[in-house]
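Written below as structure tokens is the structure these notes are about.
Nothing in this text is a laboratory measurement; each read-out follows from the coordinates by a stated rule. Worth saying up front: this structure is predicted, and the values here are computed from it rather than measured.
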Amino acid sequence: MPKMQPSAENSSDGKSPRPWIRVRDQGSLLVLAACALVMTWSYWWYHGGQRGLLVDIDRATPLEARFQVDVNRADWPEMLQLPGLGKTLARRVLSERRQHGPFRDVDDLVRVPGIGPKTLERIRPYLLPIPKDTDWAAAGLQPSQRAN
């Protein structure tokens, strides 16, 4: 009878690869990993993950800062704060005031190109009222000393 050589699979010399987890343990590990994934997904679903409710944020009511601008004294940065007045309209207001003098009334802003009745009504709550009679104050006169 001829001598049989030991095969590489059956050799006990330590060169054959051995799995780090036994075959019967691999099935158990697969079941545990699947259970963990199902539980993670269930937690996400239950707490509103599909609706975007997973992160709770305390929402404070927005604060509103009330301010009013004197159109006859305000500079360009102050004019920019008015709602609906961009850079161009703010520059036009300042240019109009420089060329034709101060505005005598808030309604006088319609003389600025680009400011119509709708824009004026939108910015009116943010404008300080302009006193009707300011000439005597600029001249340093008391109301009783005004010219008749």
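Okay, here's what the table says:
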| item | result |
| --- | --- |
| Percentage of interatomic Cα-Cα distances in the range 76-139 larger than 15 Å | 52 percent |
| Stretch gain in nm, segment Ser42-Arg66, where the contour uses 0.36 nm per residue and the Cα spacing is subtracted | 3.9 nm |
